[in-house]
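I have placed the structure first, in the form of structure tokens, so that the comments after it can refer back to it.
The values are calculated or read from the model by the stated rules, or taken from the named source; none is laboratory data. Since the model is a prediction, treat every value here as computed from it, not as a measurement. In this analysis, Cβ positions are derived from the backbone assuming ideal geometry, glycine residues included, and neighbour counts consider all displayed protein chains. For the accessible areas, the whole protein counts, side chains as well, though only heavy atoms, and no ligand, DNA or RNA atoms are used. Shrake-Rupley method; radii C 1.70, N 1.55, O 1.52, S 1.80 Å.
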Amino acid sequence: MAYVIEMLDITKTFPGIKANDKVTLQVEQGSIHALLGENGAGKSTLMSILFGLYSPDSGSIKVRGKDVRITNPNIANALGIGMVHQHFKLVHNFTVTENIILGLEPKSGLVIDRKKAAARVREISELYGLKVDPEAKIEDISVGMQQRVEILKMLYRDAEILIFDEPTAVLTPQEIHELMGIMRRLVKEGKTILLITHKLKEIKEAADYCTVLRRGRLIGTVPVAETTEQQMAEMMVGREVSFHVEKAPANPGPTLLTIEHINVRNAKGLLGVKDLSLEVRAGEILGICGIDGNGQTELIRAITGLATVESGKILNKGKDITSLPIKERTGLGLGHIPEDRHKHGLILDFRLDENFVVHSFDHAPFSHAGILDFKAIRSNADRLIAEFDVRCGQGGATPVRSMSGGNQQKAIVAREIDQSPDVLIVAQPTRGLDVGAIEYIHRRLVAERDKGKGILLISLELDEILDVSDRIAVIYGGEIVGMVNAAETNENELGLMMAGSVRKVS
Amino acid sequence: MNTRSKLFVPLVAILLGFVLGAAILIATHRSPIDMFYAMLQSVSGKNLRADTFNPRYIGEFVVQSMPIMLTGLSVGFAFRTGLFNIGAEGQLMMGSIAAVGAGLWIQAPPVIHVILVLLAAMLAGGIWGAIPGYFKARFNVHEVVVTIMLNYVALFLNNWAIVEVFKSVDRIKTPPIPPTALLKSDLLAQLTNGSRLNWGFIPVLLSILVYWFIIEKTTFGFSLRAVGFNKDGAQYAGMKVNRNIVSSMVIAGAFAGLAGAVITVGTFSFGRALPAAEGYGFDGIAVALVGGNAAIGVFFSGLLFGMLKAAQPLMQSQGIPKEIASIIQASIVLFIAMKLGIEYLMKKLKPRKAVTEEVES
């Protein structure tokens, strides 16, 4: 068996943490090899070592059977290792071709030979079925397309081993599907792919082998075809995981949140939400599914007060909140777990205890007559950290920026649920989180529902919507085009409605 | 960043600044020892060469430090809310005009008169700071542009007021402000052998205390810091972002306005027409930057830059060009701006140390 990459007994220690503890990874030539692990399990560290960003404390690396020392990314490139980063590194006002040749420009005399470059890009693009227009500007093409440009960049540099760092985090379901096709095509042409992810479904769909890490240690490498998702999840988390959200049938009470015929403009000044009406009742979870960019963001912003409503009404327990400031909406029992946890959900440079009180710092018990009560703020943090199992190095004093994504999200969930709002607007609560954290957050949401709260869940993950919601509304082009009971629908029906080809409002 | 590097980076930057200044002196065949003697003398009053002691130097050193601490607080306060206040100079000048007005036109008993003068100066500076704050909040006009332009408006308003409003005879100085309105102190002047040291240090120290208290202890400071770190996050949490921007600029302006009063009724006893801005505002930026926008940091960096200012005449008298002090000041700011580079160096040095320790043990 020919291994193209062998990382043997790699150990890497950072201050206070062993990020990799004698990890061995062997990748076969021409396979898709997944690297699975929770946030902070050491996947990124291992890949950074392979890519020359870190040097290991001990252990050795072999590429195509030869011992190598990769001390910087240029050496990795020379060995044919390329990395498609999670956050693309593209120049936005350059064309696709210009981005790809950046740093390796083919020249004729003193000028760049664009024609030759574009022809080469087109050739590679067709070989692997990437369907990228070499003349398009980056700012004009979709996120999925931009990712293909990143892939093309690697191929243009003759990379044989491609590392994909959580490539699906930013893609729509359709784009994910297409990416899987592209990866298979790449492998067919003799490339080797290392896929970093924590999405089991994608591993099952695309990968040949899967190496699982947990807390910096190697748990094992398994052939994907012979392993179930359940088994992989257990290896990753270290205990049994239930994918299915355990919940009793909903017992809906009176209507809490009423949205009547609202119109909301988006960032471009166009109507992002058109004449939309919805009701959320006590004791139910109403899921909103749809393809990204169909008005979800505008809807959330309108309900929570981050955007103004053009026309229409929003009522919370019968009280008109359409034009109230955010603070008053919060005071009337509206909680919000925002879509973008770094932009809105957290003040990253604040400490954890300060982040817990961003809504409530200005009244008792956290302040008296304008003076902060740090004792109360700290004990509040200790309580929430214990109750919601937020993992943080220094308790309430932990800088939030240094926490993992999953724990940042848990902190937000803790803060919002703890305020005990009657209506909770939950947007993308599990994006980028690992199975364990997802399971936990889903359980908490159902628990809140069972306490008689009304929850509006907006998510791009169809599985999440189907698992957690009681009723499902489908949003398309800023309108609700479908309203179904979660128990009586399936992925196919929702998919058709999300694409706008079927309407069903019962 | 942890507290250790918060302290470490400025200290390294200051050290490098002095090393650079000394290196330039050596390169131009002058003795850096003379420079350090001059600096020591300006802080302690002790002349090591002639073995004499003159406390007047200490007084002048404090006098130089007071206004730039206040403009440092002004810049730092705005910065904590994410605003760059280049306008401390103008706010200071408005404060100075108001101080002259309150000094000449109001009649009140000694202590009360001074307090009224200081309050008037703070009010004027606050209003001058509110203007860019309002434009930023309402129309999203960048505060750097507005504050720079208002500096010129304030300078020419000052020079016009000295002549037209306060009826200056020589077109440079206003008539003397009555002693009830002055921070002057015979006692302090006597103690420091006739320096211009005055009661101004009391409002300055109070300001540092107030700054610390507002930023660290109050709900208002909490929301200001939240806005400074993440505007969107603060808005999401229901904080009034625009109101915070205006309030922050008003308070920043008040600190600078107070500096104007400390100069006019403390260092001097009359209003002055100026050919050009005196640079207190820019010194304030340097002080805030080196002091890490923290109250205690501004206090110490204010002393540092006050020393550099006060040492200049002494350096000149010993044959050291006084510009070297400005070079040191500028290079400290430059090294602070290279914060990331210094932190990177720290990191590079650290593991090596760890390795050697291991070898030793």
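Assorted remarks:
- Only a single criterion out of (1) within 14 Å of chain A (Cβ to nearest Cβ); (2) within 17 Å of B:S326 (Cα to Cα) is not satisfied by B:A288, namely (1).
- Given (1) over 29 Å from A:L332 (Cα atoms); (2) open to solvent by less than 10 Å² (accessible area, probe 1.4 Å), number of the condition A:V446 does not satisfy: (1)
- Every pair of residues 6+ apart whose Cβ atoms lie under 7 Å, when the first sits in segment B:292-307 and is in a helix (DSSP H, G or I) while the second is polar (S, T, N, Q): B:G302/B:S65; B:L303/B:S65; B:F305/B:Q329; B:G306/B:Q64; B:G306/B:S65; B:M307/B:S42
- Residues located in segment A:24-53, provided they are touching a Leu at 6+ places or on another chain (Cβ under 9 Å) and among the aromatic types (F, W, Y): none
- Every condition in (1) at pLDDT below 95; (2) crowded, with 19+ Cβ neighbours inside 10 Å; (3) more than 12 Å from every other protein chain (Cβ to nearest Cβ) holds for B:A276 except the one numbered (2).
- Segment A:319-347: number of residues that are without any contact (Cβ under 8 Å) to a residue 24 or more places away in the chain and on the phi > 0 side of the Ramachandran plot: 0
- If you go through segment B:229-252 and keep only what is in contact (Cβ under 8 Å) with a residue 60 or more places away in the chain and either facing another protein chain (nearest Cβ under 9 Å) or open to solvent by less than 10 Å² (accessible area, probe 1.4 Å) (or both), you end up with B:F229, B:I245, B:S248, B:M249, B:A252.
- Strands (runs of 3 or more DSSP E) (entirely within segment A:1-109) containing at least 3 residues that are within 30 Å of the chain's Cα centre (by Cα): A:3-14, A:17-28, A:32-36, A:81-84
- Residue list for segment A:297-327, filter: farther than 24 Å from A:K268 by Cα, within 14 Å of chain B (Cβ to nearest Cβ) and touching a strand residue (DSSP E or B) at 6+ places or on another chain (Cβ under 9 Å): A:I321
- Residues that are in a helix (DSSP H, G or I) and either under 19 Å from B:R56 (Cβ atoms) or in contact (Cβ under 8 Å) with a residue 12 or more places away in the chain (or both), drawn from segment B:180-206: B:T180, B:A181, B:D186, B:L187, B:L188, B:A189, B:Q190, B:L191, B:F201, B:P203, B:V204
- Taking the criterion of being within 18 Å of A:F350 (Cβ to Cβ), touching a residue at least 60 places away in the same chain (Cβ under 8 Å) and in contact with a helix residue (DSSP H, G or I) (Cβ under 7 Å, 6 or more places away or on another chain), the residues of segment A:394-417 that qualify are A:Q408, A:Q409, A:A411, A:I412, A:V413, A:R415.
- Boolean, A:I193 is outside any helix (DSSP H, G or I) and more than 27 Å from A:N492 (Cα to Cα): yes
- Yes/no for A:A41 being modelled with pLDDT under 85 and surrounded by 15 or more Cβ atoms within 10 Å (Cβ to Cβ): yes
- The set of residues in segment A:262-303 being of a type in the set (D, E) and either under 22 Å from the mean Cα position of the chain (by Cα) or within 22 Å of A:E464 (Cβ to Cβ) (or both) consists of A:E279, A:E284, A:D292, A:E298.
- Total residues in segment A:372-400 satisfying the condition of being open to solvent by 60 Å² or more (accessible area, probe 1.4 Å) and either polar (S, T, N, Q) or within 11 Å of chain B (Cβ to nearest Cβ) (or both): the figure is 2.
- Helices (runs of 4 or more DSSP H) completely within segment B:1-91 that count 1 or more residues being within 30 Å of A:L348 (Cβ to Cβ) and open to solvent by less than 60 Å² (accessible area, probe 1.4 Å): B:3-27, B:56-80
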